[in-house]
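As structure tokens, the structure follows; a few thoughts come after it.
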Amino acid sequence: MKATEIHLASRPTGEPVSDNFRTVVTELPPLEDGQILVRNTVMSVDPYMRGRMNDVKSYVPPFAIDAPLDGGAVGEVVESRSDAFAVGDAVSHGKGWRDLAILPAKSARKVDLSKAKASAYLGALGMTGLTAYAGLTSVAQFKEGDTVFVSGAAGAVGSLVGQIAKALGASRVIGSAGSPAKVKRLLELGFDAAFDYHDGPVRKQLAEAAPDGIDVYFDNVGGEHLEAAIGSANKYARFALCGAISQYNATEPTPGPRNLALAIGRELTLKGFIVGSYNHLAAEFDEKMAQWLADGVVEWDETVVDGLENAPKAFIGLLRGENTGKMIVSI
Ligand code: NDP
């Protein structure tokens, strides 16, 4: 059987371009014991994949050149040599960027498409949602009454952070995003204030949106946003350092926040995290998020790009802010 895969053809320098990717048709080997064959229906493109395109050591190994990329996907089991899965089961797994995937049954997880559509398991009900929940509640130690600032707020993680904070009793939630349409959407989602970071210095816009300071900063962006958040931080504020997307395409080391010394007197906590270290919160998160979605307390947006061959375009678009909510590729 033939599969179509997207390979990394070359490592991007700065912003990725379509020439960094190649579509390859390959003959699949027969299944071995314990393996399943999955026909993917949706796949995820995520900012962390940009880091994996560089040849540097990180918490996940770099992608290899001339080999398929990988990442979150949901699909249907079309052949099974495992007792754990039957043909027709819907599964979530880590072999995206291809239409057909062979994988060990133990690395797939059953999902229930009667409860939510496939893409939800890559977004609000998947790794994205857990990142928002764990980062806010555990890493940033959110408490009722906190004023919360989140950057990348109209994106997949950010939009959930803001809504979860409201659901848990934040006194004020402020979001920053990259366009007027995104700012409007944040206000519709229940954010108390939102601004477009292109409209002026983040420091100034944040200070106006949070006149009494912030208690929690959920950082998806780094750079100028992080420095501004330190400037607006109240005593004992907690920062969850989730991502630094403003720096992912940088070709030179980027400077740190110039006002970091404020963290001393204000007794700030700045803590980085990787969602994979918070799987112990998955069951609690699944239950709460299912309820919030059912009650309409949390909404989730997605931007869908059609066709596996357009996955590189979707990924490049994600880094440019072409998505509102989760960027999904339908296959
Ligand atoms: P998003 O859906 O937020 O998509 C990325 C967004 O980043 C774009 O839509 C764009 O929106 C914004 N962006 C791009 N460039 C810049 C810039 N220079 N300055 C400010 N914003 C920019 O992606 P995710 O929700 O999947 O991920 C959000 C962050 O969380 C990323 O940094 C990611 O790496 C991180 N992450 C970390 C995890 C962890 O375990 N620590 C797990 C999952 C995600 P805009 O139009 O607003 O600019």
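Annotation: Val183 fulfils all but one of (1) surrounded by fewer than 24 Cβ atoms within 10 Å (Cβ to Cβ); (2) within 24 Å of Met127 (Cβ to Cβ); (3) among the β-branched types (Val, Ile, Thr); the unmet one is (2). Residues of segment 1-42 that are more than 30 Å from Glu79 (Cα to Cα) and among the hydroxyl-bearing types (Ser, Thr, Tyr): Ser10, Thr13, Ser18.
Kindly indicate the residue of segment 293-320 that is open to solvent by less than 30 Å² (accessible area, probe 1.4 Å) and touching a residue at least 40 places away in the same chain (Cβ under 8 Å) and also farthest from the ligand (Cβ to nearest atom) among those meeting that condition.
Leu308
Just give me the residues in segment 195-211 being near the ligand (Cβ under 10 Å from one of its atoms), open to solvent by less than 30 Å² (accessible area, probe 1.4 Å) and without any contact (Cβ under 8 Å) to a residue 24 or more places away in the chain, in sequence order. If the condition is that a residue be near the ligand (Cβ under 10 Å from one of its atoms), open to solvent by less than 30 Å² (accessible area, probe 1.4 Å) and without any contact (Cβ under 8 Å) to a residue 24 or more places away in the chain, then Asp196 is the only one that fits. Looking only at segment 49-71, which residues are of a type in the set (A, V, I, L, M) and either over 18 Å from Pro104 (Cα atoms) or not in a loop (DSSP other than H, G, I, E, B) (or both)? Correct list: Met49, Met53, Val56, Val60, Ala64, Ile65, Ala67. Contact annotation: residue pairs with Cβ atoms under 8 Å, 6 or more positions apart or on different chains, pairing a residue in segment 72-101 that is within 24 Å of Ala314 (Cβ to Cβ) with a partner that is aromatic (Phe, Trp, Tyr), are Ala73/Trp97; Val74/Tyr121; Val91/Phe85; Ser92/Tyr121. Quick one: which of Asp33, Asp46 is closer than 21 Å to Gly307 by Cβ and not in a strand (DSSP E or B)? Sole residue among the options that is closer than 21 Å to Gly307 by Cβ and not in a strand (DSSP E or B): Asp46.
For every residue, the table says whether it meets (1) among the small types (Gly, Ala, Ser); (2) within 26 Å of Asn259 (Cα to Cα); (3) assigned by TED's automatic domain parsing to the domain that holds Pro47.
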| residue | (1), (2), (3) |
| --- | --- |
| Glu144 | no, no, no |
| Gly152 | yes, yes, no |
| Gly178 | yes, yes, no |
| Val183 | no, no, no |
| Leu186 | no, no, no |
| Tyr197 | no, yes, no |
| Val221 | no, yes, no |
| Glu224 | no, yes, no |
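Of the residues Ile174, Ile214, Ile164, Ile230, which single one is more than 9 Å from the ligand (Cβ to nearest atom), under 30 Å from Asp112 (Cα atoms), open to solvent by less than 10 Å² (accessible area, probe 1.4 Å) and touching a helix residue (DSSP H, G or I) at 6+ places or on another chain (Cβ under 7 Å)? Only one candidate qualifies: Ile164. One residue alone among Leu103, Leu113, Leu28, Leu69 is over 24 Å from Ile245 (Cβ atoms) and surrounded by 16 or more Cβ atoms within 10 Å (Cβ to Cβ), and that residue is Leu103. Among the residues making up segment 277-292, those that are touching a residue at least 12 places away in the same chain (Cβ under 8 Å) and hydrophobic (A, V, I, L, M, F, W, C) are Leu281, Ala282, Phe285, Met289, Ala290, Trp292. Listed by position, the helices (runs of 4 or more DSSP H) contained in segment 200-289 that have at least 2 residues being under 16 Å from the mean Cα position of the chain (by Cα) form an empty set. State yes or no: is Ser151 in contact with a helix residue (DSSP H, G or I) (Cβ under 9 Å, 6 or more places away or on another chain), at pLDDT 95 or above and surrounded by fewer than 21 Cβ atoms within 10 Å (Cβ to Cβ)? Taking the combined requirement at face value, the residue does not satisfy it. Go through the residues of segment 179-194 one by one and say whether even a single one is within 8 Å of the ligand (Cβ to nearest atom) and modelled with pLDDT of 95 or more. Yes: segment 179-194 contains one or more residues that are within 8 Å of the ligand (Cβ to nearest atom) and modelled with pLDDT of 95 or more. Checking every residue in segment 263-274 against the condition of being closer than 29 Å to Gly14 by Cβ, at pLDDT 95 or above and open to solvent by less than 30 Å² (accessible area, probe 1.4 Å) gives at least one match.
The values are calculated or read from the model by the stated rules, or taken from the named source; none is laboratory data. Small disclaimer: the values here were computed from a predicted structure and weren't measured. With ideal geometry, Cβ positions are generated from the backbone for all residues, glycine too; neighbour counts draw on all protein chains shown. Just so you know, the surface numbers come from the protein's heavy atoms only, side chains and all, with ligands and any DNA or RNA stripped out. Shrake-Rupley method; radii C 1.70, N 1.55, O 1.52, S 1.80 Å.
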